[in-house]
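Below is one structure, written out as structure tokens; comments come after it.
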Amino acid sequence: MASPEDLKANAEFIRLADSFVEVPSGSNKNNYANVDLIVDIAVREQVDAVWPGWGHASENPRLPNTLKTKGIKFIGPTGPVMYVLGDKIAANILAQTAKVPSIPWSGSFGGPDDGPLVASLNSEGTIPDEIFKKAQVFTVEEALASAARIGYPVMLKASEGGGGKGIRMSNNEEELRSNFGQVANEVPGSPMFMMQLCKNARHLEVQIVGDEHGSAVAFNGRDCSTQRRFQKIFEEGPPIIAKPETFREMELAAMRLTQSIGYIGAGTVEYLYNAATDKFFFLELNPRLQVEHPVTEGLTGINLPATQLQVAMGIPLSKIPEVRRFYDRDSYGTDKIDFLTERYRPIRHHVIAARITAENPDEGFKPTSGRIERVKFQSTPQVWGYFSVGNNGGIHEFADSQFGHLFATGPTREDARKSLVLALKEIDVRGEIRNPVEYLVKLLETKEFRDNNIDTSWLDGIIKSKSVSIESDPSIVVTGAAVFRAHQFIKSEMRKFEESLTKGQTGVSEFKNINGFPMDITYGGSKYAFQVTRVSTDRLKLSINGEAIDIKMREQSDGSLLCTYGGVVRKVYGQEEPLGLRMVIDGSTVMLPNVFDPSELRSDVTGKVVRYLHEDGAEVGAGVPFVECEAMKMIMQLKTTEAGVIRHNMQTGSIIGAGDLLATMELKDPSKVKKILPFTGSLKLGDAKVQLDDPLQQLNLILDGFDAGEVEPLVSKLLLNADSATANSMVVALLSKYCDTEDQFKGKAMDAAILSLIAANKDNLRAVIGAVMARQGLKTRNQLALSLVRNLASFLDRYPGYVVTPEIEKVLERLAALPGTEYGEVSLAASTVYSEFKAPDYQSRLNELRDFIMSDTPQAISTSRKLSLSVDSLCELFSDPDLKVREAAREVYVRRVYRAHNFLEVRQTEGKDLASVNWRFQLRDSPPQDAPVRFGMMSIFKTITEVDAGLHGQLEEFKKTMSLQDCYTEPVNAYHIVLATTGPFDETAMIARIESILKDKKDELKCLGIRMVNVLIPQPPKVPRYFTFLECHDYSEEPLRRDMRASFPYLLELTRLQTNYD
């Protein structure tokens, strides 16, 4: 049988079936628990037998009784026996009649002398109805009266319930009143009874099977004490908490009880056991197979469903091969086994099982439903598991919450526990549901479980106190959430832009932020304001409060992200849900809830509204249940968050989903609304950074539009140790890539360029997206192109014998041809370098300069435009072998530097080791009578040592030239020093040496009215270095004027610019 919901959910049992019959949708009363429907299908399909499984109609006596009338075998006990033992009320009356110890319950009085109810089976094999009803509670008032006699805490149970449904514990009258309606709604129509809660008890059970020949056998048992809401979480065996002889008594009692009434098939006799007193009490008999039956199979080697089938075929238990092996008999022998007196072989290993459910451990194991994208688990020799749904399946609202089961085996309980922990950590379930796998691992690792020191209330106590929780580092959580949402945003924007391109839309305004955008994450009462920067297709940089976090990520086929941050590789998966973002980071689930107004009471389950617990408009306190909802066949109470007046937003019976608004609250105290504060601290993820790619890859990423680093350091690193051929190749490749992109946009409006790209890439719109993204980074791309061109200009000096290749010339021509102001700087630089590469070599240019300065008078040459690009090279001729050339070069240089002045006189002197030029000059723009006559001198020394030794003499010579009698009161004169010796030098040391020499002669310099000392150091074939030392700074070097000829700062009005800037 398969309901539409199970078909849609891709239920595993349907896939495994040879055939199936589709049945009506809805709750199980419409399908799997509908006896008439089951019988009709069995008759129509002409089946030989019906196997009921567990749950649904498996404990309804009408099913075997009706099938019997149709001549169809029911694989299980007969109807009357099922009624007697399957009904929890009848089972307890029968146990009392057989003198089996029972816990105080609603059938502990009302019998003879107001003692326990007892009964003999009537002719129909059932308990007389009048005695049966005495053990029931029909109303809240009867339940309260019964509880008063039994004593709190009490259990209210539906006799037809199971699997945690139809059972509630009440500590007081108020709770019992509330729970009565919940139990009645969970198992409609079922008789209800009450029993005292047995504290500090273990839930132990014996697996029994009876055959048609009057035999019954016990196949050891299970310890199912780890429960929450009376539904099992872990099951294990053998039950080592009980003494062996005590547990043997339980087995014998179970066999005698079932054998005495002719029980046929598999069943479970359940006991409550107190380890401190070594006492046990009958609890109930489940007349069906339990979902945890593989625990027993793992202990005994007996296939229980196969045994059920063989019993139904009429085979005696003594002749079933697996049963015989369990009793160390020949598998195919025929001798009878006396199960009451003979012992089965010793069990020398342990099995622990864990149920995998669609429940939220953060919310007290509330059931969840929804789509399941993936279930990943690999069984091993130590751990076997199965799941009721597969990939792309789901858990619907009418299904049981359990969808998987793991069974771990080991030589000891501890070995089995460890194997189960490892197996649980390997489970990966993706989708809309929640599951408690991580919580189960924590439970298995508690000291109480390891020491086997638990009872049936242990887990509920843990849940209530929240003493076991999944702790997550907030820094890791918020970073993972930011990465996930950033990745989703990028994918979404890419998809939207591609869709717009498909429609011929060319707008790019919304796409411009794809590589840099803000991302806010709210968690734990704090708002984390990240700035996301895309470094490449698989790298992000998250910035927050001045801290930068490098992220490397890769999307897996299952939608998860492998992320490296904080020096660790993490597996990150996210699911946006109505109530917030659910993250799974390295297997740990964390919920980042949406920021909801506390006046809005929203559902966190999928199901329907059963009833509101307060009238519309009633005043309700904080943390009080306000509504009951049915979810996954269970009644759940949802609570208020703050006190106030409640307003209903739904009708009773309304279908609801997670996040739906159920009610609103007029808050009693609006100030209690929790405020979200900005996070101002550090995430402290460590200093470990993602290993970045090599400079060439990073520069390529910059050309692709990504913020992959700073341009200048990357270019320097790229060329640092490269030989000429490699450097040439890399620069050509990068500049060609730059040109290839810009050629698609140059001279066009953006819309027109994109339309052209779409036409050329109809089948590959990602290429269009890539081009647009690169284009949007034009500013940084231009910086890179400019840096590469400038470095290219140095190749002649950096690599001796460097030859400009045709590829370099071609790419420079492409750059120089780029039109418009947006390319102006790049185009000009490329044009200049191209011209330099085409120009003659340095020596040829120097020879040409020599001939040029000798072709006319110094006055004429100094004003020629042709000299513009060669002024700095004149210093190379100051020491020319030809005296006339030397003198011409010096005078041309002086006149060119001071071409804004009128020269009154220029004189030169030259000795063996020293030459000098003296001149008198006035500003040209002022009338001669108003312009003071100024003096200038240029001394040419071979070395800095000679400057130190000869400076005093030169200053005395300068003084004579001035015919100076008294010291100047205002500095107006200029002094130039030229070092004839060339070559590399330590800049800092050179400046310090010159400052020391000048400061030593400071008084002489000031007396001579020297306003500025300019030092020129030739660096052929490069331009010379210039250093300027000002009187106003006591002849300290002025860095702002470094590498400028003496007159440039005045032409540029640099002093005024500096003053305004400062």
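About its Cα centre, how strong a charge dipole does the chain have in debye, to the nearest 20, once Lys and Arg get +1 and Asp and Glu get -1 at the Cβ?
That gives a dipole near 720 debye.
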What is the Cα centroid distance between the range 284-346 and the range 607-664, reported in whole angstrom? 49 Å
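At a Förster radius of 60 Å, what calculated FRET efficiency corresponds to the Cβ-Cβ distance of Asp1003 and Lys838, to the nearest 0.05? Spell out each step's value before the answer.
Values: r = 52 Å, r/R0 = 0.87.
Plugging the Cβ-Cβ distance into 1/(1 + (r/R0)^6) gives 0.70.
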Per-residue ellipticity at 222 nm for the chain, helices alone: DSSP H runs ≥ 4 residues times -39500 (n - 2.57), over residue total, nearest 500 deg cm²/dmol? -10000 deg cm²/dmol
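Given the Cα-Cα distance of Thr943 and Thr537 and 0.36 nm per residue of separation, how much length would full extension add, in nm? Intermediate values should be presented prior to the final figure.
On the way: separation 406, 0.36 × 406 = 146.16 nm, distance 5.65 nm.
Fully extending the segment from Thr943 to Thr537 adds 140.5 nm.
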Pair Thr664, Asp36: separation of 7 Å Cα→Cβ label points (nm): 4.5 nm
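Can you tell me the relative contact order of the chain? Whole percent, Cα pairs under 8 Å, sequence separation 6 or more. Intermediate values should be presented prior to the final figure.
Numbers: 1921 pairs, mean separation 59.9, N = 1062.
Result for the chain is 6 percent.
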Whole angstrom only: what separates the Cα centroid of the range 720-735 from the Cα centroid of the range 12-83? 79 Å
For the range 695-838, shape from the Cα gyration tensor axes a ≥ b ≥ c, cut at a/c of 1.5 then a/b versus b/c, turns out prolate
Quick check on the exposure proxy: order Glu987, Glu448 from fewest to most C-beta atoms within 10 angstrom. Glu987, Glu448
Once the dipole of the range 950-1030 is set up with Lys and Arg at +1 and Asp and Glu at -1 on Cβ about the Cα centre, which of Pro1021, His976, Leu951 lies farthest towards its positive end? Pro1021
Order by neighbour count: Thr446, Thr680, Thr368, fewest other Cβ atoms within 10 Å first, most last. Thr680, Thr446, Thr368
Would you mind checking which residues have amide H under 5 Å from Gln505's amide H? H placed 1.01 Å from N; only 5 or more apart, or other chain. none
Viscosity 0.692 mPa s, temperature 37 °C, Stokes-Einstein D of the chain from Kirkwood C-alpha radius, µm²/s: 87 µm²/s
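What fraction of the DSSP beta bridges in the chain is antiparallel, stated in percent and rounded to the nearest 5?
Working: 150 of 168 bridges.
Roughly 90 percent of the DSSP beta bridges within the chain come out antiparallel.
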Phi angles of the range 113-124, converted by Karplus (6.51 cos²θ - 1.76 cosθ + 1.60, θ = phi - 60°) into ³J(HN,Hα) in whole Hz with x for Gly and Pro, give 6, 6, x, x, 5, 10, 7, 9, 5, 7, 5, 8
Simple SL model, points at 7 angstrom along Cα→Cβ for Glu807 and Thr726; separation in nm is 1.5 nm
Taking K and R as +1 and D and E as -1, what net charge do the other residues with C-beta under 15 Å from the C-beta of Leu176 add up to? -1
Charge dipole of the chain built from unit charges on the beta carbon (Lys, Arg +1; Asp, Glu -1), centred at mean Cα; most positive-end Cα among Phe377, Leu719, Gly265 is Leu719
Show me 376-386, 769-779 ranked by packing, highest mean number of other Cβ atoms within 10 Å first. 769-779, 376-386
Count charges around Leu778 for me, please; just the other residues with Cβ under 10 Å from its Cβ, Lys/Arg as +1, Asp/Glu as -1. +1
Relative counts (whole %) of C-alpha pair distances in the range 350-443, using bins that are 10 Å wide: 17, 50, 28, 6
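Starting from the Cα-Cα distance between Asp740 and Glu174, subtract it from 0.36 nm times their residue separation and give me the gain in nm to one decimal. Don't skip to the answer; put the middle values down first.
Numbers: separation 566, 0.36 × 566 = 203.76 nm, distance 7.90 nm.
Net length gain for the segment: 195.9 nm.
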Does anything in the range 962-1000 have its amide N under 15 Å from the 7 Å Cα→Cβ label point of Leu904, and if so which residues? 962-965, 972-974
Alpha carbon Rg of the range 603-668, scaled by the compact-globule rule 2.2 N^0.38 Å: 1.02
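Could you give the dipole magnitude of the range 603-668 about its Cα centre, charging the beta-carbon of Lys and Arg +1 and that of Asp and Glu -1, in debye to the nearest 20?
On the way: 6 positive and 9 negative charges, 34 e Å.
With Lys and Arg at +1 and Asp and Glu at -1, about 160 debye.
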Isolated cysteines for the chain, Cβ-Cβ cutoff 4.7 Å, are Cys198, Cys224, Cys563, Cys629, Cys739, Cys875, Cys1032
Based on the mean of other beta carbon atoms within 10 Å per residue, what is the order of 913-926, 794-807, most packed first? 913-926, 794-807
21 Å Cα-Cα threshold exceeded, pairs from Lys8/Lys165; Lys8/Lys491; Lys232/Lys608; Lys366/Lys639; Lys942/Lys1006: Lys8/Lys165; Lys8/Lys491; Lys232/Lys608; Lys942/Lys1006
Describe numerically, in nm with one decimal, the distance between label points set 7 Å from Cα along Cα→Cβ at Lys527 and at Arg766. 3.7 nm
Cβ-based charge dipole, the range 434-573, positive-most Cα from Ser500, Thr564, Met553: Ser500
Candidates per trypsin sites (Lys or Arg not before Pro) in the range 957-1062, loop by DSSP, up to 14 other Cβ within 10 Å: Arg1042
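Neighbour counts of other C-beta atoms within 10 Å: give me Met938, Met854 arranged from fewest to most.
Numbers: Met938 25, Met854 13.
By the 10 Å Cβ count, ascending: Met854, Met938.
Bear in mind that the values in this text are calculations on the coordinates, not laboratory data. Quick caveat: nothing in here was measured; it's all calculated off a predicted structure. As a convention, Cβ positions derive from the backbone with ideal geometry for all residues, glycine included, and neighbour counts pool all protein chains shown.
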